[in-house]
Each structure stands twice: as structure tokens, then as C-alpha cells.
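Here's the structure, in C-alpha cells; my notes come after.
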Amino acid sequence: MSVVTVIYTLLLYLAAAVFLAGITRKIISYAYTPQPLKIPTTPAPTTRIGVIIRVAREVILFESLFKANKWTWSFGWIFHYSMLLLLLRHLFYFTDPVWSWVLAIQPIGDYAAAAMLIGLAGLWCRRLLVDRIRYISSLSDHLMLALLVGIAASGLAMNYFDYPDIIAVKAFSRGLITFKWQPLSAIPLLMLHLALVAILLIVFPLSKLLHAPGIFFSPAINQVDNPREIRWVSGWSAEINNTEGKKHGGTDSAHE
Amino acid sequence: MAERIALMSEIKVPVLSKSRTVPFLEPGAMAHSKPFPAGPEIQARLGFPDKLVPDWEKVAVNKLGDLVKQSRALRVFLDSCVKCGACTDKCHYFLGTADPKNMPVARQDLLRSVYRRYYTFAGKFFPGLVGARDMTKEVLDDWYSYFHQCSQCRRCSVFCPFGIDTAEISMAARHIMSSVGLGQKYTNEIISKVHNIGNNLGLPEPALADTLASLEEDVKEETGVDVRFPLDIKGAEVLVVTPSADFFAEPHIDGLIGYAKVFHAAGVSWTLSSHASEASNFSMFIGSHSNLQRVAVRIREAAQELGVRRIIVGECGHAWRVAYNYWNTLIGPFDFLDRNYPIPQHICEFTHDLIDRGALRFDKSVNDDKVVTFHDSCNVSRASRMGNHPGGQFTIPRAIIRACCNHFYDMAPETIHEKTFCCGGGGGLLTDDLLELRVKGAAPRMNALRQVVEEHGVNHVAAICAICKSQFAKVLPYYQFPMNMVGSVHGLVSKAIQLGPGIKRV
């Protein structure tokens, strides 16, 4: 095995481990942190099914963002959905035999990558050109865009400048998930692509990319609007006892 | 009066334009805006340190950690912002002041930057990269200034793709500030009055009884009907809890008279309580759980003491949020009340239900001098509900207005319902030491109002919130509108309702 293969194999395992452990830890902390009061942003659904639909509309359609700003919505939606297509397309490298629908979407790769770059470019332009968004941006916001642009661009460029041996790449990636390691061909664009993906995976649980799991746990979106019908208690509010002679729910020191 | 004119000339009132304009950033434009801090005595009464504690940086950071542990909302909101900018042009205080720290995301970042520094990997090791900051005096000053330029109206939350609610963050920041000994005078003083006396105004029982007795006389003189304003009546069907401003402030008091007439016409016995003579609960504004519960529990005590079967809440925005969303949690369960009615019920729900059933008669022509628009209050619109369906908080008050007025026009769609603009005085900012902020923050609402004034000749703004009413009465003149242009929804009801054959009107 070459040095490149060893380094990349270890790097990608490390990245996957950080990603999975980090996200799991975050999801557990979101799930186990109580939400003591009802705070859905209203009008809100009055049933659990209604809430599932509301969350789905936010996750799938970015409905609130659509209400807020059509430009950000357009670029954001194009970016996320082309990235989703590309991720699905990459299942080619992990499935054997390859699922038929994964094969069917292989030809759209270039277009999806171009769309992803357009979406990212639009978002970056807004970040640079709109004074309000420039003001709220920190260096990490720009680096995140650079990272995503780098991943999309290196992936796209491979198809034109440095076409790798697909079969060999697939053998490498299958080797990773089946723990039968295979050599990685040292093509610069491929190495760049994989290195950037590894960085993205590592950064994910440490950064604003947490918006992905976060949206499912946002009480403003996922709470049912039924506080009069069903008494809601959680965390410090669960300690309140008004019926057994104890008038108050505790003291400042107890739960503030 | 001279002083007022002088004050008016000092504040640069935002210019209203036909098309809504988003200002260019003016960094630091409102950095000077700071409310008076709470004195030692007030702080102590609320269970907070009476002055800035010696190691306040550490105390503040620890408190922040505690609050995040106790609130999923805070934890998710602090992690999830992607700085997309959707909220940047949605805050009325930003639109009115152009100060970039009044953009919701920038306001959140005042706290998020500290959270990142002490509680995240990236902020601990790469503070410059992610904009993490140490808890310093400079940061605290920024907090004190800008977390008192948020009315916790939740408009930003409506547009955020993750529902991030700056109100939650601003409540946490104020909670932390109070906990290190830096409270805000106006809010904390009012909370201490409720603890001591039972209402925001510090109105004791005898004064309240006098006020209500004279109201009975006034209404008798005006209508010839014995409309009662009962206080502390045991065994009444309904306990009415209303903001204490309803007892004497204009135009709030017309609303209270309206409630009394509706109860009279419906033949439902009701009472006010001197123990729980306040619907308002300013503890929400400073995020203090224990004070929130302590203020609210007076209402449970009063309801049990008086043996009522229902609780109805008067016209007040944040009070309705607390009542609708929090009461069941904080002071429930309400197994001693009649489950056939919503607990609690909004006075608009009560009146609307009677109208629906044809139980009230109105002479709409009495209100023909008015061309009415309705101001949706933020906490009613975006933090609670009326009726059985989402959005009832929009349709029910409008249905009441239409039942008693012939001329009604809504303001522009992007400024009503869940997109309504705050009056500019909510969230514990309704104090004269923040007058400049209040005037400027009212600009987007005034802009929308100007449009319907010009297009439809609107001359009356109906509201269902004590804070909105007081704020409008104060700021309308700055925008060349008469201060008496604002009124209570139940003020309109009061005028038009027909109480019986013996009715006469002056």
C-alpha cells in the first residue's frame, strides 16, 4: 500500500468517526435537554401530524426562508438540492450491485455540480455584496462556502481534466466500508476532493452545519399548539407542584 | 408641555416613505440607548444581587451554561444559525434605527459569541475564526444596550428557516444580567410591585374599589343601566384578570367598560380580584422562571379563594402569551375550573362566542365616525392563539370589530397577522428612558398606518394590548397622528353594544 492510501484511509476513517460521534452526541444533547415552556411560533399546528407536516415543509421547501427572501431562498434551495442529488449519485461508490435508480441519475452529475456551484456563488455574492449580510459574516462563514465550492469544483473538474479510474475509486471506497482496504490512485484532484470532504465531515459537528439536525429540534417549529388542552411540563417546570400544599415551584437557587 | 416639545425635537423621527425601505447600516447609531438600571432594593426583592457582583464575568458565563442546560430552545438556537441573513431586515428596531446590532442575528450574536467562546470547541480554540468573544465589560455594555432594544416580538422567528427566536435569547441575556446584579429598573420595579401589592401600578385594594365604584356611576350616567364592576365577589362564575392599565389609563379603560357591558348583556356573573389585579407578567421579559411562576400563582390563588369556575383574560398581548401558553404549566392543573370552557379564555373569545350565538345586539352606526384598522399585537399573533383553529387570533378580533363598526380596513398584508410589526414599546421597553428607541421602533407600524390613512381615511387604530395602546398614545404625535387615534377593541364594543330597552346615550 502506498503512503497516500494509508494516509487517506486513516483520514477518512477519522473524519467519519468524528462526524458520527459528534452528531450523535449533539442529537443526544438536543433530545435530552428539556424545553420547560411551550413556545411554538404561531399560528402553529394543533396536532402532532400537523407538526410533522410543518417540519417537513420547512425541511423540504424552506418555507420560512421563502417568506423572508426570495434570492436567498432560490440560491439556498438550488445549492441544497443539487448537493442532495450529488450525494445520492455518490451511492454508486458504496453499493454493489449498484441500485438501478443510482445508475439512472449518474448522467446528471455535471449539471448538479454546476447547479451547486451556482447556488453557492449566489449565496457568497449576497454575503459579500449585501451590507447587512456582510456585517454578520465571520471568517468561518466564508471558509465554509470556500470548502463547499472546493468540493463541488474539484469533483466537477475531475470529469474534465483528470478523469480517475472509476472502478479503482469504487474499489477504494467499497474497501473502506467493508474494511478490506484497497489502494487509492494518487490523482491530485481526487486527493483534493477527498481531503476537503474529510474536513467537511470533521467540521460538521463543530459548526453551524448543525442546523441540519437542529431544525428537527427547534421548539418554535416542532411544538404542538395545545397548551390549554394538555398540561405541558418538562425540566424545571416539571418540578412545579401546585396541588400538594406547595404553592411555588421552587426557589431561584433550585432551578434558576 | 414645553419639555415634551423639546423632547420631540431632539428625537430624529424616521422619515416615512411609501415603499418600505431597508436602511443602510449605521454602526453604533443606538449604542447610547440604555435604560436606567434597577436599584439595590428592587433587585433584592426579586431575588437578584443588589449590585454588580465582584466576579460577575464568571457568574455570567456559568449562568449562561446553566440556562442552556435547562432550555432546548437556547441550545438549538445557539448552534443552528447559519447567518443566512433572512432576519436582517425584519426587526422594527433595525428598520427604525439602522443600527446593525439591531438586526436579529447580530443581536443574537452578542450572546452567541460568548457561548461559543466558553462552551464550544471552535470558540475555545479558534475564537477569531468563528467570532467568539470573552465576557468583558465591553460585551456586558453591549448586552445592556442592545438586549434592551428587543421587544421580544418574535417577528424574526417567523422568517428564520430554523425558527430561531431572538426573544428567547434576549430573555436569557436579561436573566443573566439580572443574575449578576445588572437589572433594568422599569421592568424589575414593576415585577416587585406585583409581588408586593398585586399589580403593575401598585394600586392597593381600596383605590381599586374606588375606581370601580366610580366607573359604575359613570356608566350608569351614560347609559342608564346598572352595569356592575364587581371586585372580590366569592362564587362569581368568572374571574376576569386584566392588565391594571385597564383600571384608569386611556384608552384602556374603555375596554374594561366594554368587558363589563358584555358580561352584563350576557348575564354572566363575574368578578375582578384585588389579590390578582394584574394579568401582565413582566417576569417573562427578563426570563426569570421563579418570578414568572410567583407572579402567575396569584391568579391560581385568587381563583381558588373566590371559587370561580372560569378565568377570562382582558386585552393584553404578553399577558395572553403567559396565560395561554404558560399558565397551565406554571399554575395548573386547573381541575377546579369548568372544563367546558377554554382555560384560560381570552375576552375576545368570550365576546366573539356571544356574537356568534346572536346573544349580543349592536348599533354599528354609533361607530360611523370611525374608519377603523386593527393592529395585531405581537404576542397574540406569534406566541398564542384564540379559538379552535390556528389563526383565530387574527380572525376573532376582526370579527368583533366588524360586528360593531361599518368601516374597517386592514393595513398592508406584510404588516399584519403573523407578520405584524411591534408597536415599538413591548418587552419591557415602555419607559421614558427609552423614548428615542420607542419612537424609532414604531416607524414600520406608522408607515403601514400612514398608507391606510391616506388610502381609506382610517382614523382609528384598534388594539388588544395595554402596552400597544400606551405606546401608540405616546408615539402617534411624533408621526403627526393624533394621540387619541388608538382605542381598545372592547372600546368599540362598549360604544355599539345595546344593553336593553332603557338605554340612553349622551
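Peptide B:134-145 has a mean of 0 when you count, residue by residue, the C-beta atoms of other protein chains within 10 Å of its C-beta.
Need one value for B:321-333: mean number of C-beta atoms belonging to other chains within 10 Å of its residues' C-beta atoms.
Taking the mean over all residues of the peptide, I get 6.
Taking a ≥ b ≥ c as the square roots of the Cα gyration tensor eigenvalues, segment A:3-255 comes out prolate, since a/c reaches at least 1.5 and a/b is larger than b/c. For B:Arg154, the residues 5 or more places off, or on other chains, whose built amide H falls under 5 Å of its own are B:Ala167. When the label point is put 7 Å from the Cα of A:Leu91 along its Cα-to-beta-carbon vector, which residues of segment A:46-64 have a backbone N closer than 19 Å? So the set is A:60.
Cross-link reach is defined here as a Cα-Cα straight distance under 29 Å, omitting same-chain residues fewer than 8 places apart; for B:Lys370 the lysines meeting it are B:Lys18, B:Lys220, B:Lys261, B:Lys419, B:Lys440, B:Lys469, B:Lys474, B:Lys495, B:Lys504. Exposure proxy for B:His175, B:His252, B:His407: other Cβ atoms within 10 Å of each Cβ, ordered fewest to most, give B:His407, B:His175, B:His252.
Computed from backbone phi, the HN-Hα couplings of segment B:131-139 come to x, 8, 10, 5, 6, 10, 4, 4, 5 Hz, rounded to whole numbers (Karplus: 6.51 cos²θ - 1.76 cosθ + 1.60, θ = phi - 60°; Gly and Pro given as x). Over the protein assembly as shown, dividing the summed -39,500 (n - 2.57) contributions of all DSSP H runs of at least 4 residues by the number of residues returns a 222 nm mean residue ellipticity of -16000 deg cm²/dmol. Phi-derived couplings, Karplus 6.51 cos²θ - 1.76 cosθ + 1.60 at θ = phi - 60°, listed residue by residue for segment B:196-206: 7, 10, x, 8, 4, 8, x, 7, x, 3, x Hz, with x used for Gly and Pro. Mean per-residue shielding of peptide A:208-215 is 6, counting Cβ atoms of other chains within 10 Å of each Cβ. Specify the angular offset, from 0 to 90 degrees and rounded to the nearest 10, of the alpha carbon long axis of helix B:104-119 from the longest principal axis of the alpha carbons in chain B. So the inclination is approximately 50 degrees.
A Gaussian network model of chain A, with springs between Cα atoms under 10 Å, assigns the largest mean-square fluctuation among A:Ile215, A:Ile133, A:Ile118 to A:Ile133.
Would you work out if segment B:1-154 is rounded, prolate or oblate? Take a ≥ b ≥ c from the square roots of the eigenvalues of the alpha-carbon gyration tensor; rounded if a/c is under 1.5, else prolate when a/b is larger than b/c, oblate otherwise.
Numbers: a/c = 2.21, a/b = 1.26, b/c = 1.75.
Oblate is the answer for segment B:1-154, as a/c is 1.5 or above yet b/c matches or exceeds a/b.
Scanning chain B for trypsin sites (Lys or Arg not before Pro) that sit in a DSSP loop and have at most 11 other Cβ atoms within 10 Å, the longest stretch containing none of them is B:19-233.
About its Cα centre, the protein assembly as shown has a charge dipole of approximately 1700 debye under the convention of +1 per Lys or Arg Cβ and -1 per Asp or Glu Cβ, with nothing else charged. Ranked by how many other Cβ atoms sit within 10 Å of their own Cβ, fewest first, the residues B:Val240, B:Val61 fall in the order B:Val61, B:Val240.
The residues packed around B:Asn406, meaning those with a beta-carbon under 10 Å from its beta-carbon, carry a net charge of +2 if Lys and Arg are +1 and Asp and Glu are -1.
Of the complete DSSP H runs in chain A, those spanning 27 angstrom or more by Cα along the long axis with a mean Kyte-Doolittle score not below -1.0 are A:3-32, A:70-89, A:109-129, A:139-161.
With a/c under 1.5 counting as rounded, go ahead and sort the protein assembly as shown into rounded, prolate or oblate using the C-alpha gyration tensor (a ≥ b ≥ c being the square roots of the eigenvalues; past the cut-off, prolate if a/b is larger than b/c, else oblate).
Verdict is prolate for the protein assembly as shown.
State the antiparallel share, in %, of DSSP beta bridges confined to chain B, rounding to the nearest 5.
Here the antiparallel bridges make up roughly 10 percent for chain B.
For the protein assembly as shown, DSSP calls about 10 percent of its internal beta bridges antiparallel.
None of the figures in this text is laboratory data; all of them are computed from the coordinates on show. Computed from a prediction, not measured in an experiment: that's the story for all the values here. Note that we place each Cβ from the backbone using ideal geometry, even for glycine, and neighbour counts take in every protein chain shown.
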